[in-house]
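Report on the structure given below.
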Amino acid sequence: MIRPHRAHPLWLAFLLHRISGLGLALFLPAHFYVLSLALTRPASLDGFLHWTENPLLKVSEFGLVFLLAVHMFGGLRLLALEFLPWSPRQKTFAAAAAVASAFIASIFFISAVA
Amino acid sequence: MAAAQKYMQVSVWRGDEATGALEEFDVPAQESQTILDVVSWIQQNADATLAYRYACRVGMCGSCAMMVNGKPRWTCRTHVKKVLGDNGRLTIEPLRNLPVIKDLATDMTEFFDKWIAAEGVFHPTKTRYDEIEGIDPESSVRVEANAAIECINCAVCYAACDVVSANPDYFGPAALNRAWSLVNDTRDGGQAARLEAVSSNGGCHNCHSQQGCSTFCPNELNPTLSIAGLKRETVTSLFRRRS
Ligand code: SF4
Ligand code: SF4
Ligand code: FES
């Protein structure tokens, strides 16, 4: 359960940023390992790429793109918050704009890769 | 005949941090009632030994803050109706992140010591024999200072901050907010020492910008923005020194 003093949207934004960061940290070593197969064992890489055609993995690619987008926009949000002189109203507008553009960008990205 | 009196179930923290526990009280519900009214009713009618703190009752002195249903609040200006859960229960505890002396009274020494450690202290550059310095109310620094100045030292933000709970050295939002208003005070002569202090171990770079402080500050100040100002200031001063 989320403790009452944390139950506000900005804390959830922080939580999402952390979780997406952890998710990416787990994904990246596996990613680099698979890429390295191109040099060491091309045959198993081809086998693996074949395996990724499976629809379940296509769905999990969506999750990955989501993690990347959330983490990138979360980071940009923090940089903007700390380095630009916002007023709270501008901040709300900017957050809404960022969410909308992240959403649209991910849809395009997913339709491109799928 | 008057309508039958309704009662609220109120759990109140009794004792100190280590050995204390919640104690139940039945308190008559009123049409218009603050959390501080509830606490005073208990102390005046149910148990005279209840320890708590308040002074002004109008949101000026900053002494009455407590945790109400898990959230930090100024109790004299928090209406019961606004915070009562669906189950009609109230839980009132001492502020988080501060040592408990007894019941609802916390020891605020470290909170105030940290204001001084963060250089939230004015360093005058003039004497009483000098002319009073004119400050343009429209100037950008005065506008920045204004936004941060109405702090009542209630420690609500300090109780809301998870970085304070994780790092006992962290000065916390109120002290850094005060330091930021002084960074924008053109009469102050201690800016170098202040930048040094706010970039030390307990300083502004600990802040994760989660904004618990701004969410709960009863005076609607935004310590996160002030701390972001300090972060910018420490970064630009680094480049100033290099060049
Ligand atoms: S924004 Fe910074 S000071 Fe405010 S609650 Fe979060 S960590 Fe603490
Ligand atoms: S900044 Fe707000 S919450 Fe923090 S001590 Fe000042 S008035 Fe209270
Ligand atoms: S009693 Fe003074 S602020 Fe609440």
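The values are calculated or read from the model by the stated rules, or taken from the named source; none is laboratory data. Note that this is a predicted model, so its numbers are computed, not measured. When we count neighbours, we look across all protein chains shown, and the Cβ atoms used for this are built from the backbone with ideal geometry, even at glycine. Please note that ligands, DNA and RNA were not included when accessible areas were found on the heavy atoms of the full protein model with its side chains. Shrake-Rupley method; radii C 1.70, N 1.55, O 1.52, S 1.80 Å.
What's the average, rounded to a whole number, of partner chain beta-carbon atoms within 10 Å of each residue's beta-carbon in A:80-86? Walk me through the numbers on the way to the answer.
On the way: counts 1, 6, 13, 4, 2, 6, 4.
The per-residue average across the peptide is 5.
For the range B:145-154, in order, what is each residue's ³J(HN,Hα) by Karplus, 6.51 cos²θ - 1.76 cosθ + 1.60 with θ = phi - 60°, in whole Hz (x at glycine and Pro)?
Each residue of the range B:145-154 in turn: 4, 3, 4, 10, 7, 7, 6, 9, 6, 8 Hz.
Would you grab the residues whose amide H sits under 5 Å from the one on B:Ala65? Only those 5+ places off in sequence or on another chain, please, with H modelled 1.01 Å from N.
B:Thr75
Taking θ = phi - 60°, what integer Hz values does the Karplus form 6.51 cos²θ - 1.76 cosθ + 1.60 yield along the range A:91-97, in sequence order, with x for Gly and Pro?
4, 4, 4, 4, 5, 4, 4
Along the Cα→Cβ direction, 7 angstrom out, place labels at B:Asp86 and A:Leu12. What is the inter-label distance in nm?
1.7
Below 8 Å between Cα atoms, with a sequence gap of 6+, how large is the relative contact order for chain B in percent?
Working: 415 pairs, mean separation 42.3, N = 243.
Result for chain B is 17 percent.
Ordered by residue, what ³J(HN,Hα) values in Hz, to whole numbers, does the range B:110-127 give under the Karplus form 6.51 cos²θ - 1.76 cosθ + 1.60, where θ = phi - 60° and Gly and Pro are x?
5, 4, 6, 4, 5, 4, 6, 4, 7, 6, x, 10, 7, 10, x, 10, 10, 10
Report the full-extension gain for the segment B:Val58 to B:Phe122: residue separation times 0.36 nm, less the Cα-Cα distance, to one decimal in nm. Don't skip to the answer; put the middle values down first.
Values: separation 64, 0.36 × 64 = 23.04 nm, distance 2.70 nm.
Between B:Val58 and B:Phe122, full extension yields 20.3 nm more.
Calculate, for B:Glu24 and B:Asp130, the FRET efficiency according to 1/(1 + (r/R0)^6) with r their C-beta to C-beta distance and R0 56 Å; round to the nearest 0.05. Spell out each step's value before the answer.
Working: r = 61 Å, r/R0 = 1.08.
Efficiency, from the Cβ-Cβ distance: 0.40.
Over all residues in A:9-19, what is the mean tally of Cβ atoms on other chains that come within 10 Å of each residue's Cβ? All intermediate terms of the calculation are to be shown ahead of the outcome.
Details: counts 2, 7, 7, 1, 3, 6, 1, 0, 1, 1, 0.
Rounded to a whole number, the mean comes out at 3.
Take the Cα pairs of the protein assembly as shown, get the Kirkwood Rh, then feed it into Stokes-Einstein at 25 °C and 0.890 mPa s and tell me D in µm²/s.
Working: Rh = 24.0 Å.
After rounding, the answer is 102 µm²/s.
Of A:Ser36, A:Ser101, A:Ser20, which has the largest mean-square fluctuation in a 10 Å C-alpha GNM of chain A?
Largest GNM mean-square fluctuation: A:Ser36.
Computed on protein heavy atoms with a 1.4 Å probe, what is the summed buried accessible area for the chain pair A and B, in Å² to the nearest 100? Each step should come with its number before you reach the end.
Details: alone 8920 and 13280 Å², together 20560 Å².
Accessible area lost upon association: around 1600 Å².
I'd like the per residue volume of the convex hull spanned by the Cα atoms of chain A, given in cubic angstrom. Could you put the intermediate results ahead of the total?
Working: hull volume 16.0 nm³, N = 114.
Hull volume over Cα atoms, normalised by residue count, gives 140 Å³.
To one decimal place, what orientation-averaged projected area in nm² is obtained for the convex hull of the Cα set of the range B:109-242? Write down the numbers at each step before the final one.
Details: hull surface 34.8 nm².
Result: 8.7 nm².
Stick to the Cα atoms of the range B:1-136, pair each with every other, and give me the Kirkwood hydrodynamic radius in Å at one decimal.
On the way: mean 1/r = 0.0583 Å⁻¹.
Value: 17.1 Å, from the Cα pair sum.
So for the range B:7-106, averaging the separation of alpha carbon pairs under 8 Å that are six or more residues apart and normalising by length, what relative contact order in percent results? Please report the intermediate quantities before stating the final value.
Values: 186 pairs, mean separation 34.4, N = 100.
Computed over the range B:7-106, the figure is 34 percent.
Across the residues of B:207-218, average count of Cβ atoms on other protein chains within 10 Å?
Values: counts 1, 5, 7, 8, 7, 6, 0, 3, 7, 2, 0, 0.
Taking the mean over all residues of the peptide, I get 4.
Could you give P(r) for chain B, binned at 5 Å from zero, as whole percent values over all Cα-Cα pairs?
1, 6, 13, 16, 16, 13, 11, 8, 6, 5, 3, 1, 1, 0, 0, 0, 0
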